[in-house]
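Read-outs: derived from the displayed coordinates by stated rules, not from any lab. All figures in this text were calculated on a predicted structure; none of them were measured in a lab. Positions of Cβ are backbone-derived with ideal geometry, glycine not excepted, and every protein chain shown enters the neighbour counts.
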Amino acid sequence: MANKKGRRRSFGSVRQLPSGRWQIRYRDPETGQLRPAEKTHPTKSDAQVALTHIEADISRGQWADPDAGAVNFEEYATAWLRDRKLADRTRERNESVMRLHIIPTFGAGSVADVTTARVRSWRGKLLAAGVGEPSVVKAYQLLRALMNTAVDDELIRRNPCRIKGADRYDVPERPVLTVPEVFAIADAIAPRHRLLVLLAAFTTLRFGELAALRRRDIDMEALTVTVRRAQAELQNGRLFDKAPKSAAGVRSVSFPAELLTEITRHLEQFAAPGREGHVFVGPQGGQLRRSNFRDDWVKVRKSAGVTAELHFHDLRHTGNTLASTAGASTRELMTRMGHSSSRAALIYQHMTSDRDRAIADRLGAMIRQGGGEASGQGDADSKRT
């Protein structure tokens, strides 16, 4: 096609269709075949600008085949999940999120059909429909990971999940119990679960870690509990032990000597026999299940007089807060919690009023030692007035 000066365009061409719109044509850099662009334009100048952009992308090596993203989204997502290396519980959770929250919106279209505008609309509709913010965040994170792979596979040029702040949410402040409140719960709960409550609060082990404990994991001389595994429960009821999420999850946690009598009594009366016997078992001698324990937990909250919003996991939160108040450093909290990152441990390094008062008192002592007592402050004030 010639331009106004009679010279033939060096890259591609534009032509007007019978509809009146303008179409771009250019040679595919991979096949050499002449191909039309996927979109038409209302004016010739718009088409020429778009053609210039395509030429620039090809010259920079950033051109992507528009047909590459035409693969069906649901098929691509299914294969993507299938090929990921995931723990059974994580796989089940991801498949549920994909089935409930992502496929209904994007499944029928292509990967390339997922745009930032559609992602924003999808997220807003989930929240408006009453889906919990944690679930919406999880769905967004999963969709973003999927689309990152689509970028790597060169199906799309960039990830459409670009909504600032959509990958996180503000966790509400959880209840923190006092030591008497912890023992009030321990006193109110069934005797076989008493030690479960005390260890959750004073060793900060998770429910799954406690449920997986064996007799050999408790060292009565060193006063430690060793975490080697964690129990998980699938939606079909199957229980299995899994390795901790990171190497930091395998750890030994010291417990207060004041719990030694409680542990001894529990092992004698309630634990399964043998070194590999579970420390905590159900009323019929089977494995402790979170689903069965939940009813007992709901009842004990009322009888113990604590907030109805208290989750069992808040005992871990309480223990971490108590350890921080007792002077545990960030590194020490990380070790007790089984975290390889300091982010979670720093949550518990917040200032308490008692520790703030102690800091102020120490500063006051420094003032006195430095001869800076403000005994003359009143005279100075009277002179100013």
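For residue 214, the residues whose modelled amide H falls within less than 5 Å of its own, excluding neighbours fewer than 5 places apart on the same chain, are 279.
Between residue 222 and residue 133, the distance separating the two model label sites (each 7 Å from Cα on the Cα→Cβ line) works out to 4.2 nm. Remark: C-alpha extents of region 225-275 on the principal axes read 36, 26, 19 Å, sorted largest to smallest.
Distance between the 7 Å Cα→Cβ label points at residue 108 and residue 25: 3.5 nm. Across region 1-155, the volume of the C-alpha convex hull divided among the residues equals 149 Å³ per residue. Segment residue 276..residue 309, full-extension length gain: 8.4 nm, with 0.36 nm per residue of separation and the alpha-carbon distance subtracted.
Positive contributions from Lys and Arg (+1) and negative ones from Asp and Glu (-1), summed over other residues with Cβ under 11 Å from the Cβ of residue 107, come out at -2. Taken along the Cα-to-beta-carbon direction at a fixed 7 Å, the label points for residue 331 and residue 252 span 1.8 nm.
Compute the long axis of helix 353-369 from its Cα atoms, compare it with the longest principal axis of the Cα atoms of the chain, and write down the angle in degrees, 0 to 90, nearest 10. Roughly 70 degrees, rounded to the nearest 10. If the chain linking residue 90 and residue 75 were pulled fully straight, counting 0.36 nm for each residue of separation and taking away their Cα-Cα distance, it would gain 3.4 nm.
Counting lysine pairs in region 1-151 whose alpha carbons fall under 26 angstrom apart, excluding pairs fewer than 8 residues apart on the same chain, gives 5. Within region 123-217, the chymotrypsin sites (Phe, Trp or Tyr not before Pro) that combine a DSSP coil assignment with at most 16 other C-beta atoms in a 10 angstrom radius are 169.
Note on Rg and Dmax of the Cα atoms in Å: of the candidates (i) 31.5, 99; (ii) 19.7, 62; (iii) 32.2, 116, the value calculated from this structure sits at (i).
Exposed loop GluC sites (Glu not before Pro) only (DSSP loop, at most 16 other Cβ atoms within 10 Å): please give the longest stretch of the chain free of them, not including the sites. Write out the running numbers ahead of the final one.
Values: sites that count: 30, 154, 173, 221, 276, 309, 373.
Answer from the scan: 31-153.
Candidate cross-link partners of residue 302 among the aspartates and glutamates, defined by an alpha-carbon separation under 15 Å and a same-chain spacing of 8 or more, comprise 181, 187.
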